[in-house]
Each structure stands twice: as C-alpha cells, then as structure tokens.
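Structure record follows, encoded as structure tokens.
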Amino acid sequence: MTTAQFITPCPKQIEWKEGEFALPSDIGQTKKPFSCYNRLITKELHSIIGKGSFGLVKIRIDDGAVDAPSVPSQAYMLKVSQEGIEISANTETGVLYALQTLRQLKRGPRRFACVSILDWPDAELRIAARPLLCGEATRSALEWGDGKAALMRRWRHEIDFALRYRYNGIFVHGFTWDTNAWRGFASDMRKLNDYARQRGVRLIFGGYGIGHGGWGEQAYIGEAHAFLPGFGHSFKQDYPCSQNNPNDPSTAFNGTCRGNAELRRMKVEEAVRFIKAVRPGALYIHHEDQSDFYAECQPYFWDRRCPICRKKWPDDALEAADGGAGAIADGYNVYCEACAKVKSDDYDASMDCALLLCSPCYGSTNTSPEEWSKIETLWLNIARQMKGGGNVFFGMREQFAEIDGEGRLERLSRLLRENGCPQRLMTFFVSGAALYGDNAVFSSLPAMNGAVSSGNGAMFDFSGVLFQRPQQLFNSECSWNIGCREGGEALPLNDRKQLFDEYAARLAKRDMVFERHTTKDGWLAKACELLYGQKAGKLMFEYQLLRTPHGDGPLALLYQQIVMERLKEKLSSPPIPDANPASLKRPVASYADAAARWGEQAALTKRAVRLVSKASSMVSGWLGEELAHQAERLRIGAETAALVERLYRRRDGENMPAETLRRSLAKLRRMMLALPHDYPSKNDGDGSLDMDYLAILDDCCNDGR
Ligand SMILES: [Zn+2]
C-alpha cells in the first residue's frame with residue numbers, strides 16, 4: 001500500500017512507490033564521507049540518515065544532470081527505493097534541497113518512504129520571512145534582550161529554517177547603510193551572510209539610494225521609512241531637487257539630485273563600503289518612496305528636478321529614456337558599479353549580492369490600465385539604460401489585472417526578456433498577516449501568488465514576521481509552487497477580477513484564513529504538526545485560527561498597535577464614526593467600540609498564552625525556546641490589551657479609578673522588567689521598546705485624568 005506523506009513545499013512531480021527504504025543497523029563506518037562535496041551536504045546527510053550510511057546514498061552534481069522548466073540551478077531529482085537513495089542536481093543547492101525533501105520522507109528512525117521526485121521552484125528568489133517589527137526593514141524581531149550571542153544563534157536557526165523549507169530570501173536589517181549599528185555589527189553580519197550563502201540563502205539589507213530616510217522627520221520610534229532622528233542621514237545637497245515626501249519640501253535636499261557628480265561618487269563609495277563590510281546576500285533599495293505615476297512620481301520626483309538634472313535629462317516625461325527613466329537608471333547604476341568593485345576569492349558582489357530596486361514608481365495595487373502602461377514603459381526604459389543586471393530585480397507592488405490574458409507583471413518580465421534586458425522582477429505582495437495593516441497570525445492569501453507573479457524572478461509575501469513559523473512555510477509553499485495544480489495550495493487563475501475582489505474583501509474584513517485551512521486535515525494543521533510534533537502541533541494549529549469578532553489576532557507584539565497605530569493620538573482624538581475600519585491605522589468608530597475591541601483582544605490573548613505556553617513545554621530545542629518567549633510576550637500583550645480596554649472605557653464615560661489603572665501599569669512594568677534587556681542596539685527588538693511602550697501607556701493614563 002503506498003501512502004502519500006505531507007511534504008512542503010510540495011514537489012512538482014512525485015510518484016509514490018511501494019515499500020520503504022530501511023537503513024541497515026549494522027552498517028558501521030564503511031564508506032568515506034563525501035570529501036568531494038561541501039561540508040554542509042555531509043553534515044545534512046549525517047543529521048538525516050546518520051553516520052556511516054553514506055554508501056547507500058548516490059549523489060550526482062553535474063550541470064545538466066536535471067532538466068527543469070524553471071530555475072534549473074535549484075532543481076533536483078530524488079529517488080528512494082528499497083535498495084537506496086539517489087540524488088541528482090545541477091548544483092549543490094539542488095542537492096541540499098533534495099536532502100530537505102528526504103528529511104520529510106522519514107517515517108521512522110531509519111525508515112524512508114519510497115518515492116520518485118523531480119522538483120524545481122517557480123521563482124528563483126523566494127522571500128518567505130521578514131523577522132522584523134515594522135515594514136520590510138526596521139527592527140529585528142529576533143532581538144530578545146538576551147545578548148548578542150543568543151541573537152546570532154537565533155539568526156543561524158532562522159537561516160537553517162529557510163534551507164529546511166527551501167526558501168532563500170530573508171529580510172534582515174535596515175533602513176540604513178550604517179556599518180556600526182552596534183559594536184561589531186559588520187563582522188557579525190559578515191559571518192551571518194557567509195553562513196547564509198553556504199545554504200543558498202540571501203540575507204537582505206534595506207536602505208535608501210537617496211541620502212536620507214525617506215519621508216523626513218515624521219519618525220515615530222522608527223517606522224520603516226522614517227527613522228529615529230539621526231539615522232540614515234548620510235548625504236544632502238544644498239539646493240532642492242526631486243522632492244521625496246509630497247508633504248515635506250525639506251526632503252528635496254536629502255541627496256536626491258541625480259545630476260550631482262560629487263554626490264554620486266560619494267554614494268558609490270558608501271555602497272562599496274557597506275558591501276565590503278557586510279557582504280550582503282541582497283540590498284533592497286528605495287529611492288523616493290513613491291508608488292503612483294501621476295499622483296506622486298511625475299509631480300514630486302520629476303517635475304521638481306533641479307536645473308542640472310533638467311540639462312542632463314531634458315525630457316519632462318517621467319517614463320522617457322532621456323527623462324525620468326534615464327535619471328532613475330543612473331541612480332541605480334550606482335549600486336551596479338559598487339557591486340562590480342567588490343570581488344574577492346569567496347565573494348563576488350555582482351553575483352552574490354542581488355539588488356532589489358524599488359521606487360520611485362513601483363505601482364499601487366491594480367493601478368489603472370493607462371497608468372500601468374506608463375509604468376511599463378518607464379521600467380523598460382530604466383532597464384535598457386542600466387549597466388549589468390543579472391543580479392538585479394525591480395520591485396513592484398502586486399498587480400492582479402491582466403493584459404490579453406497575461407498578468408501585468410508576467411508581461412513586463414517577458415518584455416524585459418524580449419528586449420534583451422537581464423533584469424527580472426520582484427513581486428512585493430501585501431498578502432496579509434504583515435503586522436502592518438493587521439496583526440493576523442496566519443493568512444491564506446499567498447495562495448494568490450499566481451495572480452501577481454512576476455514569472456521566475458522573485459516573490460515576496462509581506463509576512464513571515466516573528467511568531468509566524470507556519471506562515472513562513474506557507475509563503476515558501478506558495479512561492480515554490482506559484483502555478484495552480486490539483487491538490488496544491490495555489491488558487492486557479494480563471495477569473496483574476498474575482499480573485500482580486502476576494503483579496504480586497506478579505507483584507508478589509510481581516511478575514512484571511514481560507515475555510516480549507518481551518519480543517520484538521522488541511523495544509524495548516526499538517527504544517528503545524530510537521531513543525532511542532534503531533535500534540536504541540538494541535539495546540540499551535542488552534543492558535544493559528546485565533547481571531548476576535550473584530551478580526552484582530554492575539555497581541556503578541558506591541559509595536560503595531562501601540563506605536564504604528566498611534567494609540568495615544570487615537571485616545572485623545574474624537575472618534576471617526578464613518579471611517580473605513582480597514583484603513584492602516586484602524587480608526588476608532590466609537591470609544592465603546594474600541595473598548596469592546598481591546599476587551600476581545602485581551603481575552604483572546606489570554607487564550608493564546610495558555611495554548612502557546614502549553615505547546616512550549618512539549619517542544620524541545622530552539623523552537624521550544626521561541627514558543628516560551630512567545631508566551632512571555634503574549635502575557636505582556638494580554639495585560640496591555642486589558643489596560644487599553646480600561647482606557648477606552650474611561651474615555652467612553654465610565655468611572656475608572658486612577659488606582660485601577662496604576663495597578664495595571666505597575667503589573668505591566670514588573671512583567672517587562674523581569675525580562676532580560678541586553679540589546680546590542682536601541683533600534684532593535686520589541687522588548688528594547690518596553691520602556692517606551694510604558695511611557696506611552698503612562699501618558700495615556702494621565703491624559704484623561
Ligand atoms: Zn538634480
């Protein structure tokens with residue numbers, strides 16, 4: 001009887017065979033380890049099949065060994081028969097991926113299911129994790145205050161996790177080119193990058209191509225595009241050119257001028273310095289953080305360029321080759337030039353450092369057809385004028401719309417190819433559970449990746465933040481398998497319009513878990529079991545589905561709701577009864593409603609504490625430690641939610657004794673102080689902000705007195 005096992009990401013072609021391969025118990029140290037392969041392959045083999053069994057595994061690495069329709073460099077063939085195991089791949093990465101699948105075929109201590117697999121990913125770069133507190137580059141969520149050694153250990157686990165589930169992109173740090181973010185930062189990151197590269201994983205560092213943190217001085221404890229004052233200020237010019245933030249004319253001085261040769265030279269130097277010091281797997285670069293062609297990029301970026309830029313790029317059309325496209329290409333060439341300058345025996349930045357270039361003009365979700373055609377022309381004209389580009393990806397926001405039956409991003413990828421441009425696209429898909437517009441535990445929406453796919457370039461689902469292991473697996477599943485097929489997770493593309501409507505409605509209602517993911521035999525339940533084992537897996541599955549009637553998740557991280565959504569401002573402003581509840585900052589419809597909402601969340605978070613702390617006692621190793629930490633943060637979240645509920649009840653007119661609030665605040669302080677607070681950098685970790693959160697809450701308590 002052949003039984004299919006759960007494997008994620010699911011291999012493209014899989015044929016289950018009769019029987020099992022059982023490793024003999026008396027094999028001894030017969031064969032020499034694979035001296036010809038890298039040490040990592042040998043190490044992985046050890047951990048999967050045990051020492052001394054190598055003779056039963058045949059490995060062939062040979063360019064051309066495996067024929068795959070996309071990304072052949074990561075494809076593999078894996079055959080497990082009763083006689084032994086055979087692996088073929090074009091590269092060592094393919095072998096490493098085959099071994100991860102083999103690991104999931106294990107049925108018992110020395111027994112593997114018999115199977116024949118041919119597998120390859122649909123996208124070359126699959127960015128499934130973003131362990132940050134805010135946006136795509138701010139605040140390391142892996143920072144728990146237990147010191148730098150523990151932080152580095154956690155990062156290595158994060159990289160191992162990526163390899164184990166076959167994704168290869170993780171956002172790590174930003175938005176600054178500071179190589180001294182903490183003492184020893186450059187060398188710590190260099191080691192981490194080397195560790196990741198051996199595992200085929202790119203660690204992504206974000207920063208601005210223009211001089212200074214995007215939107216200027218509107219910082220609120222470090223939002224993605226506006227840093228703590230002082231961060232990110234590297235270059236300015238003393239005349240205005242190309243305003244970045246439409247509301248802030250001072251941002252036209254922030255190193256924005258593309259025509260200033262001295263400034264450009266300094267930027268190349270800065271990039272070379274950073275790349276040399278850190279040896280990153282990828283740089284994620286924003287210039288002006290503007291999405292719309294007509295509303296932002298043309299009037300603020302291009303119409304406001306300085307006389308030098310006008311002379312150099314005379315065309316007033318943003319999309320023209322000797323207009324905006326020329327200037328943008330020149331600004332991005334800075335990074336291609338910098339990469340070309342960093343090359344050593346074991347690191348060649350023009351290959352080892354991918355450039356993920358976003359903005360200006362990455363498009364809003366489903367931009368109008370007319371505007372999209374401009375954006376298409378713009379990026380084609382940028383691509384044609386760039387030097388190098390095999391390592392370049394243009395970042396674009398999700399586009400569900402199609403042109404003649406072809407997705408917009410797929411079409412643009414094809415046009416780039418047909419025009420002989422080596423650059424590819426990266427889809428930046430806001431697919432829910434992003435700790436940005438919502439704090440959902442899990443989102444099924446990456447199943448829609450196919451609708452917004454940019455072909456075999458890069459896929460980035462904007463989730464996979466802290467405490468989202470199953471989400472990271474799902475992002476990987478849906479980026480490895482972007483195309484729809486029977487029994488797979490990807491949704492069919494019969495009707496992209498309908499798909500988009502469902503996407504928008506689900507985001508608006510914060511209802512992001514598909515029915516099929518709520519069942520005990522669905523992908524999500526199986527993934528939880530795979531991660532945490534049977535018993536803890538059940539509890540963690542239950543946790544994934546936690547959601548209040550208002551659509552909120554348990555409060556595991558305070559950053560979004562206390563800082564980003566500006567709790568203090570909301571508490572001191574009048575309610576907005578007709579505001580769109582789906583908008584980013586969750587406006588308060590009425591104080592009573594807000595109180596109810598926080599009350600629900602407090603109760604839900606208490607339930608979450610029980611589930612997660614019970615699960616943590618059943619799971620060993622670093623995943624168990626992560627669950628224990630999660631339970632700690634959830635306890636703090638539950639107390640915080642209960643306190644905020646009281647604040648809104650008071651705002652609604654209820655008599656709330658100051659003593660009650662003071663006691664709650666004091667309890668919260670004790671819980672926070674009980675945790676370690678050894679942070680390498682003030683700009684890191686949820687816990688590093690604990691005293692800031694307390695100060696905000698304290699202010700809120702005093703405000704209504
Ligand atoms: Zn200029």
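The table below lists the values:
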read-out	value
Condition check for residue 496: touching a residue at least 12 places away in the same chain (Cβ under 8 Å) and touching a strand residue (DSSP E or B) at 6+ places or on another chain (Cβ under 8 Å)	yes
Subset of region 295-319 [out of contact with any Leu (no Cβ under 8 Å at 6 or more places or on another chain) and of a type in the set (A, V, I, L, M)]	295, 308, 317
Failed item in (1) within 22 Å of residue 236 (Cβ to Cβ); (2) at pLDDT 95 or above; (3) small (Gly, Ala, Ser), with residue 323 passing the rest	(1)
Failed condition for residue 335, given (1) surrounded by 19 or more Cβ atoms within 10 Å (Cβ to Cβ); (2) within 15 Å of the ligand (Cβ to nearest atom); (3) in a helix (DSSP H, G or I)	(2)
Test: residue 679 is touching a residue at least 24 places away in the same chain (Cβ under 8 Å), surrounded by 21 or more Cβ atoms within 10 Å (Cβ to Cβ) and more than 27 Å from residue 616 (Cβ to Cβ)	no
Number of positions in region 612-641 that are touching an Asp or Glu at 6+ places or on another chain (Cβ under 8 Å) and not in a helix (DSSP H, G or I)	0
Every residue from region 80-99 that is crowded, with 19+ Cβ neighbours inside 10 Å and not aliphatic (A, V, I, L, M)	88, 90, 91, 93, 94, 97
Test: residue in region 282-294 that is more than 30 Å from residue 130 (Cα to Cα) and at pLDDT 90 or above	yes
Condition met for residue 649 (buried (at least 17 other Cβ atoms within 10 Å of the Cβ) and among the basic types (Lys, Arg))	yes
Near pairs, Cβ below 7 angstrom, 6+ apart or cross-chain, from region 301-327 (within 18 Å of residue 288 (Cα to Cα)) to any residue that is away from the ligand (no atom under 14 Å from the Cβ) and aromatic (Phe, Trp, Tyr)	318/293
Filtered residues of region 43-64 (kept if surrounded by 18 or more Cβ atoms within 10 Å (Cβ to Cβ) and over 17 Å from residue 114 (Cβ atoms))	44, 45, 54, 59, 61
Residue match in region 373-381 (condition: part of a helix (DSSP H, G or I) and under 30 Å from residue 197 (Cα atoms))	yes
Residues satisfying the stated conditions in region 662-676, i.e. surrounded by fewer than 15 Cβ atoms within 10 Å (Cβ to Cβ) and part of a helix (DSSP H, G or I)	662, 663, 666, 667, 670, 673
Of all residues in region 244-257 being part of a loop (DSSP other than H, G, I, E, B) and within 11 Å of the ligand (Cβ to nearest atom), the one that is surrounded by the most Cβ atoms within 10 Å (Cβ to Cβ)	256
Scan of region 155-195 for residues that are closer than 19 Å to residue 475 by Cβ and assigned to a helix (DSSP H, G or I), ordered by number	155, 157, 158, 159, 160, 161, 162, 163, 164
So residue 368, is it without any contact (Cβ under 8 Å) to a residue 24 or more places away in the chain, in the same structural domain as residue 203 (by TED's automatic domain parsing), closer than 17 Å to residue 293 by Cβ and more than 26 Å from the chain's Cα centre (by Cα)	yes
Residues satisfying the stated conditions in region 285-297, i.e. of a type in the set (D, E, K, R) and within 16 Å of the ligand (Cβ to nearest atom)	288
Residue 347 among the hydroxyl-bearing types (Ser, Thr, Tyr), within 16 Å of the ligand (Cβ to nearest atom) and either over 29 Å from residue 453 (Cβ atoms) or buried (at least 23 other Cβ atoms within 10 Å of the Cβ) (or both)	no
Test result for residue 279, more than 30 Å from residue 370 (Cα to Cα), within 11 Å of the ligand (Cβ to nearest atom) and of a type in the set (D, E, K, R)	no
Criterion: in a helix (DSSP H, G or I) and either within 12 Å of the ligand (Cβ to nearest atom) or over 30 Å from residue 172 (Cα atoms) (or both) - qualifying residue of 264, 305	264
Some residue of region 514-534 being touching a Gly at 6+ places or on another chain (Cβ under 6 Å), of a type in the set (A, V, I, L, M, F, W, C) and assigned by TED's automatic domain parsing to the domain that holds residue 355	no
Odd one out for residue 598, checked against (1) touching a residue at least 60 places away in the same chain (Cβ under 8 Å); (2) buried (at least 22 other Cβ atoms within 10 Å of the Cβ); (3) not small (Gly, Ala, Ser)	(1)
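Conditions tested, residue by residue: (1) surrounded by 15 or more Cβ atoms within 10 Å (Cβ to Cβ); (2) free of Cβ contacts under 8 Å to residues at least 24 places away in the same chain; (3) within 26 Å of residue 529 (Cα to Cα).
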residue	(1), (2), (3)
549	no, no, no
556	yes, no, yes
565	yes, yes, no
571	yes, no, no
604	yes, no, yes
608	yes, no, yes
625	yes, yes, yes
633	yes, no, yes
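Yes or no, residue by residue, for (1) surrounded by fewer than 20 Cβ atoms within 10 Å (Cβ to Cβ); (2) within 15 Å of the ligand (Cβ to nearest atom); (3) part of a loop (DSSP other than H, G, I, E, B); (4) not assigned by TED's automatic domain parsing to the domain that holds residue 327:
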| residue | (1), (2), (3), (4) |
| --- | --- |
| 241 | no, yes, yes, no |
| 259 | no, yes, yes, no |
| 269 | yes, no, no, no |
| 275 | no, no, no, no |
| 283 | no, no, no, no |
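The values are calculated or read from the model by the stated rules, or taken from the named source; none is laboratory data. Predicted, not measured: the structure shown is a model, and the values here were computed from it. As a convention, Cβ positions derive from the backbone with ideal geometry for all residues, glycine included, and neighbour counts pool all protein chains shown.
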